[in-house]
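Accompanying notes for the structure given below.
The values are calculated or read from the model by the stated rules, or taken from the named source; none is laboratory data. None of these values were measured; they are calculated from a predicted model. Cβ sites come from the backbone with ideal geometry, for glycine too, and all protein chains shown count toward neighbours. Surface accessibility is based on the protein's heavy atoms, side chains included, excluding ligands, DNA and RNA. Shrake-Rupley method; radii C 1.70, N 1.55, O 1.52, S 1.80 Å.
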Amino acid sequence: MEPVSLVPHEGRWRCPLQHAQADYHDGYRGRIFRDLLSRSLSPLHRDSCPLVGDGGDAGLVPVGHPRREEDCTRHPVLDRKVRSGRDLRSRLKSWRGAFSPRHCSPMKMADATFMNGDACVLERDSCGFFGKTHYPRATIRTGFHMRIPIKEVTPGCERAEVCGFVHEVRDLGGLVFLLVRDRTGIIQVTVPKKKVAEDVLCAVRDVSRESIVRVSGTVKAIDKAPGGRELVPESFEIISRAESPLPLDVAEKVPAELDTRLDSRFLDARRPRVAAVFHIRSVLARTIHEYLFSAGFVNITTPKIVAAATEGGTELFPIAYFEKEAFLNQSPQLYKQMMMGAGFEKVFEIGPIFRAEEHNTTKHLNEATSVDVEVSYADHHHVMALLEDLLVTLYRRVDEECRPFLDAMEIKDFSVPSCPFPRLPYDEAIAIAQKKTDEQVTYGDDIGTAAEKAIGEEMGGHYFIVDWPTAIKPYYAMPYEDDPSICKAFDLMHPRMELSSGAQRVHQYDLLVRQIQSKGLNPDNFSFYLLPFRYGMPPHAGWGLGMERLVMTMLGLSNIREAVLFPRDRHRLVP
RNA sequence: GCCCAGGUAGUGUAGUGGCCUAUCAUGUCGGCCUGUCACGCCGACGACUCGGAUUCGAAUUCCGACCUGGGCGCCA
């Protein structure tokens, strides 16, 4: 048996399948396993011998083993060479201390040694007594008591244990086919009724669709089966039985309306095409973090409970805050600007925003996620360049990393936009709208839905609308010095809708006060916000990007509610 | 907030005054079936959002409530 070799996989080091058919467990098993693996596989410990634990009967099992006694194994946690199992065992106490109690307390901890490929595992029960269990090499190799991801069950496996949902049951009489699904894929479990044990047969007869089962048995390479392999169970356990009928059909034989789906979102999200949206959204969030951190941004968190409106305009949700009146924040705008006054220079926040508008459309939510960015010593050109580069980076990342999810959604024509996006001055945008629509559109109007659609068709891809009239943008947008009737504000548009708006901000106290007044607002209500502008405020610019709209336009979703797990709209407060 | 369209088994649907004891599919239950892959076949189960009105008779027409979808306004 060769020492275990480690391969990079989805950003982590892991053992190839033949050595340890275990990874990505949820719950304690996964945490222990990953924790051990990540500790042991830092570059310093590249050659160490990882331990694999399932937290159950098997305790912790070393994967691979040194070829000779003198092949020392670097202990994963102690970072020192361990000569033998006995040595390893003697370090158990301090080794245990390296884990937090939440990792250890429910587990049976174990120590292990190995000879000739076999493992001898010392297990401790809850009373603290040690027992000794001998696991032959074959057992380790096949992952005894180990759940493995379904996609990693290949025709080459001898044995496998999988856990997941019962996707479908097809009972042919003497032969039953069950499809078992986890987040990685679907495997066919084939039950020849005359050949399996009585308890397996009982469980198979009793199981319902979408129940959670654990199945272990032998893997057979069969061309007729999906994925070229099937699992013939030696044990079949119903871990959690699903009631029937189901609120909606997970196997997608019968379509369900969005409203029905949202009522049972947990079931809806079991459907691979729905789950794909949120896996991609997760990749987007991770990429935004990576991008902004590597560009030197500081992540901040600002209050969602506020005393007053930030911008006027939109309706706010009032809440009772002890003896005071308060609101849910519509935007982190004022707070991220204040952090410019704090000298943070580059900040970002990805967080919820709340709008109490009674709109009820496919592109509005009452609770949305905003990606907010603010940069000191920057103007609107700088932050537009940042925004378009980020957007292209996100598209490229999804294109590179999310193929299986795009396939699950049957998106075939995913294309990455290219920089730079056109900068369309507001007056030209109005001219296009006037030319292409019947609606009365004049300079100084906000761009309505029909105009937005007409301009989007003309532009064909992402574009910026720049040089807006100062009158229709918020007070914090910086007017041009040579023509104060227009300002350094911009909107990032997708042909279907607005994705982001931003501006270079007013950083001069006197001008800001005048602009607040000119919008008919009372500067006294903004004193907390205005204060930093009196004690040295760098020039700055920023934007806010609607996360759901980004997901929606990127994936061609017809309704923005598809881009949120649990949307909040005019009528929906539950779940 | 305004306008339009809807509300029929768990799910998705057909039915626009009497042929409705309400269609079909899926599902669930029972029966048959050893290579299915939307398995197939046979049988059963299961619904007209609520309240009021018109009518001999209402799932169907009218009024109201509640809920839903779409559009607009406003917004990101």
For the stretch A:382-513, with all protein chains present and a 1.4 Å probe, just round the carbon and sulfur fraction of the accessible area to a whole percent.
48 percent
Could you pull out every residue, at least 5 positions away or on a different chain, whose amide H is within less than 5 Å of the one on A:HIS167? Hs are placed 1.01 Å off N in the peptide plane, and Pro or chain starts have none.
A:LEU179, A:VAL180, A:ARG181, A:GLU210
Rounded to the nearest Å, the spacing of the alpha-carbon centers of the stretch A:315-386 and the stretch A:268-298 is 20 Å
Scan around A:LEU424 for amide H atoms under 5 Å from its own, H built in the peptide plane at 1.01 Å from N, and keep only partners 5 or more places away or cross-chain.
A:PHE464, A:ILE465, A:VAL466
Which value in nm describes the separation of the simple spin-label points at A:ASP445 and A:SER415, placed 7 Å from the Cα toward the beta carbon?
3.1 nm
Whole-Å distance, taken between Cα centres, linking the stretch A:523-575 and the stretch A:450-503:
17 Å
For a test of the definition: using alpha carbon positions, the gyration tensor, and the 1.5 limit on a/c, classify the stretch A:403-471 as rounded, prolate or oblate.
prolate
Please identify the chymotrypsin sites (Phe, Trp or Tyr not before Pro) of the stretch A:466-575 that satisfy two criteria: DSSP loop assignment and at most 14 other Cβ atoms within 10 Å. Which are they?
A:TYR480, A:TYR535
For A:ILE353, which sequence-distant residues (separation of 5 or more, or a different chain) have an amide H within less than 5 Å of its own amide H, given hydrogens modelled in the peptide plane?
A:ALA368, A:THR369, A:SER370
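Taking 0.36 nm per residue of sequence separation and subtracting the Cα-Cα distance, how much length would be gained by fully extending the chain between A:SER264 and A:ASN559, in nm to one decimal? Working shown, then result.
Numbers: separation 295, 0.36 × 295 = 106.20 nm, distance 1.72 nm.
Answer, rounded to one decimal: 104.5 nm.
Looking at the stretch A:220-319, I'd like the Rg to Rh ratio, where Rg is from alpha-carbon atoms and Rh is Kirkwood's inverse mean 1/r. Present the calculation step by step, with values, prior to reporting the outcome.
Numbers: Rg = 22.8 Å, Rh = 19.5 Å.
Reported Rg/Rh (Cα atoms, Kirkwood Rh): 1.17.
Counting heavy atoms of the protein chains only and a 1.4 Å probe, report the per residue accessible area for the stretch A:150-240 as a whole number of Å².
Values: 4280 Å² over 91 residues.
Value returned for the stretch A:150-240: 47 Å² of accessible area per residue.
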q = 0.20, 0.23, 0.31 Å⁻¹, the stretch A:315-355: log10 I(q)/I(0) [Debye, one scatterer per Cα]:
-0.72, -0.81, -1.00
If each part is reduced to its alpha-carbon centroid, the stretch A:205-249 and the stretch A:154-198 end up apart, in Å, by 4 Å
From zero up to wherever the largest Cα-Cα distance of the stretch A:314-449 sits, split into 5 Å bins and tell me the percent of pairs in each.
2, 7, 10, 10, 15, 19, 17, 11, 6, 2, 1, 0
Let a ≥ b ≥ c be the square roots of the eigenvalues of the Cα gyration tensor of the stretch A:244-372; is it rounded (a/c under 1.5), or, if not, prolate (a/b larger than b/c) or oblate?
oblate
List the pair-distance distribution P(r) of the stretch A:430-575, using every Cα-Cα distance, as the percent of pairs falling in each 5 Å bin from 0 up to the bin containing the longest distance, rounded to whole percents.
2, 9, 14, 16, 16, 14, 13, 10, 5, 1, 0
Calculated over the stretch A:150-240: convex hull of Cα atoms, volume per residue (Å³):
79 Å³
So how exposed is A:LYS363, as accessible area in Å² (1.4 Å probe, rounded to 10)?
40 Å²
Of the listed links A:LYS151/A:LYS220; A:LYS336/A:LYS473; A:LYS193/A:LYS220; A:LYS336/A:LYS488; A:LYS363/A:LYS488; A:LYS363/A:LYS453, those spanning more than 21 angstrom between alpha carbons are A:LYS363/A:LYS488
With a cut-off of 15 Å, note down the residues of the stretch A:215-245 whose backbone N falls inside the zone around a label point 7 Å from the Cα of A:SER208 toward its beta carbon.
A:238-245
Cut-off under 20 Å on the C-alpha distance; same-chain residues fewer than 8 positions from A:LYS324 excluded. Which lysines are left, in chain and number order?
A:LYS304
